[in-house]
1. Being among the aliphatic types (A, V, I, L, M) and more than 17 Å from D545 (Cβ to Cβ) is the filter here; which residues of region 365-403 pass it?
2. Just need a number here: residues in region 29-67 that are in contact (Cβ under 8 Å) with a residue 24 or more places away in the chain and not basic (K, R).
3. Does A410 satisfy being of a type outside the set (F, W, Y), under 20 Å from D497 (Cα atoms), more than 34 Å from the chain's Cα centre (by Cα) and open to solvent by less than 30 Å² (accessible area, probe 1.4 Å)?
4. Considering only region 175-203, state which residues are at pLDDT 70 or above and either among the hydroxyl-bearing types (S, T, Y) or farther than 20 Å from E229 by Cα (or both).
5. Could you check S288 against (1) under 30 Å from R116 (Cα atoms); (2) assigned to a helix (DSSP H, G or I) and say which number it fails?
6. I need the full set of residues from region 346-363 which are modelled with pLDDT of 85 or more and farther than 15 Å from E549 by Cα, in order please.
7. Report those helices (runs of 4 or more DSSP H) wholly inside region 56-157 carrying at least 3 residues which are at pLDDT 85 or above.
8. Consider region 295-318. How many of its residues are open to solvent by 80 Å² or more (accessible area, probe 1.4 Å) and either under 14 Å from the mean Cα position of the chain (by Cα) or among the small types (G, A, S) (or both)?
Amino acid sequence: MDESKKNHVWKSFLILLKDSRLPWLFIIFKLLLSMGVSQLSLIFPDMTAQILAGDLAVSTITLMVSLMFLQYAATGVSVIVGRMAGAKITLSLRKFMLRKVLSLPIPFYDNNMPDRLISRTTEDTQKLSSYLGDDVPNFPSQIYLFLGTLFILFRYDWRLVALTAVTIPVILLLTFVSGRLGFKWNNRIQIKLAELTGYLAEILANIPLLKVFVQEVKEDQKGQDNIEELYKTKVKYQFITAGLTAADELQGIVTNVVAIVGGAWLVTHEYITLEIWMAYYLYTGNLSRGITEMKLFWERTKAAQGAARRMSEIAMEQDEAAGGNLDLTKQDGGDLCFEQVGFSYGDTQVLRDMTFTIPANKVTAFVGKSGAGKSTVFGLLERFYDPDSGRITMGGESVDAYSLRSWRQAIGYVPQETQLLSGTIRSNITYGLERQVTEEEIIRAAKAANAYDFIMEQKNGFDTETGERGSKLSGGQCQRIAIARALLKDPKILLLDEVTSSLDAEAKAAVEEALERLKDGRTTIMIAHDLSTVRDADQIIVLDDRTVEAAGTHEELIQTSPVYQSLLRAAQPAAL
């Protein structure tokens, strides 16, 4: 990684730490407690050696016992504070990630799968919080313990430090190799796990498709292959981990052998006393523990590095632009105009030099072949995307002059596949409203949407659960709830996207009747393949070859637009 990329990674990580509002007081308290425990660990070997050498004074033993209980209490409190810090860090990070993900523009979601964003908000936050809440506060105390032990040994006799230094290069090399291997294989496991999670999320969301094409066996085999790949990667990682664990054990044995053999030689040559030798042997435990903890910190740092990088990338993403200061909900608005608008998805141009006017409080319909750009026009009107060229205005003002919040509050959207959330019919009808609504208003909206009768037939009426994505209701029922929601919102601009295309004749008639009430007195913009639904529109805009081919009424386009004539012939007899 070059220097500029490293600086960018650190910058994004620091922004993540700042914006997520971590519980720094808990982290600092955990650090101080860990330092206190390390200080007590520096006292025990010396005092233990004194007692073993024959210092059995009551004051010495009492102090020793008191320090043991103090260390026990400090360690317990440190663990509790560490867990509380970890929980609070997880809470802060997840709140930040949720807030950030919800504030990102639609193009971000076009390039990122939902399961990956879920993983960032759940798994990655857990890894990073464990690292920040436990490993980071402990690390300075382990450094302090290690350096403090070396200082005490040097004060005893410099030869003891020389003996200790023999094992340090080997341990540091082992630490480096272990960290690199741990990061590499953890990353591989995460990739395989993400592949399996993505596969399961996709297949479980399309169970009806799988079953109707009798693909259970084939999809089961694909899933088994993904599971096998994850298993094999984990097995390889376990073998590597076992080897590193064996190396750790060997390092402990070597450290003890050096302490025993080297210490014995120094005692026999009268460089140190037996009491100092015993203290030295006990202090080697501090050294081994300190080095082991530093090694683990390195490994955990490498493991947390991936989670931090992935979360930091999201933290650096730009939020949706808030727009200008004009409030559309408090203004009359006016005509909507596209002025030579061009737009592309990546390298694929979808709209070019598109110019038209949508009159206020009139019904405008967009028709055209699949891929002509109708849905893209809606995406631009909803300000999910910005034009690559040209501009969109309302009442002579660029749409960017209006605040994004007020713009979307002024829009009512009824899609082809109605989007209901799990909850009750009532919560779905009132979804998105920022004002209190009365029961009478809800009932009035439901009646106007031709939804009241079927709602009252339910056991719990408006408190009936809709199920996930409206699974407990029919398509026509879902559409009428969406229309009731739009009626209650009372938008200035109404977007209707193939609302009746997937409904049977009876449901279609009920929905169309409700739509006529919904269109009244507002700017209505429709997308339609069924030309029979747009014959009465005040204006029909025909899209072809990524631009406007013609515009006019049904009668005018029959005479002037070859594309409209072609669409009409393909739609007969339904459109006639």
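1. Let us first name the residues in region 365-403 that are among the aliphatic types (A, V, I, L, M), namely 365, 367, 372, 377, 380-381, 392, 394, 399, 401.
Correct list: A365, L380, L381, I392, M394, V399, A401.
2. Residues of region 29-67 in contact (Cβ under 8 Å) with a residue 24 or more places away in the chain: 29-31, 33-46, 48-50, 52-53, 67.
Then keep just the ones that are not basic (K, R); that gives 29, 31, 33-46, 48-50, 52-53, 67.
So the answer is 22.
3. Values: of a type outside the set (F, W, Y): yes; under 20 Å from D497 (Cα atoms): yes; more than 34 Å from the chain's Cα centre (by Cα): no; open to solvent by less than 30 Å² (accessible area, probe 1.4 Å): yes.
In short, no.
4. Those that are at pLDDT 70 or above and either among the hydroxyl-bearing types (S, T, Y) or farther than 20 Å from E229 by Cα (or both): V177, T197, Y199.
5. Only one criterion is unmet by S288, namely (1).
6. Keep residues of region 346-363 that are modelled with pLDDT of 85 or more, which gives 348-363.
Answer for region 346-363, where residues must be modelled with pLDDT of 85 or more and farther than 15 Å from E549 by Cα: T348, Q349, I358, P359, A360, N361, K362, V363.
7. Values: elements: 58-103, 106-110, 114-119, 125-130, 136-156.
Correct list: 58-103, 136-156.
8. We begin by selecting, within region 295-318, every residue open to solvent by 80 Å² or more (accessible area, probe 1.4 Å); these are 298, 300, 305, 309, 313, 318.
Cutting the leftovers down to either under 14 Å from the mean Cα position of the chain (by Cα) or among the small types (G, A, S) (or both) gives us 309, 313.
Count: 2.
The values are calculated or read from the model by the stated rules, or taken from the named source; none is laboratory data. Just so it is clear, the structure is predicted and the values come from calculations on it, not from any experiment. Positions of Cβ are backbone-derived with ideal geometry, glycine not excepted, and every protein chain shown enters the neighbour counts. The accessibility values were calculated without ligands, DNA or RNA, using every heavy atom of the protein model including side chains. Shrake-Rupley method; radii C 1.70, N 1.55, O 1.52, S 1.80 Å.
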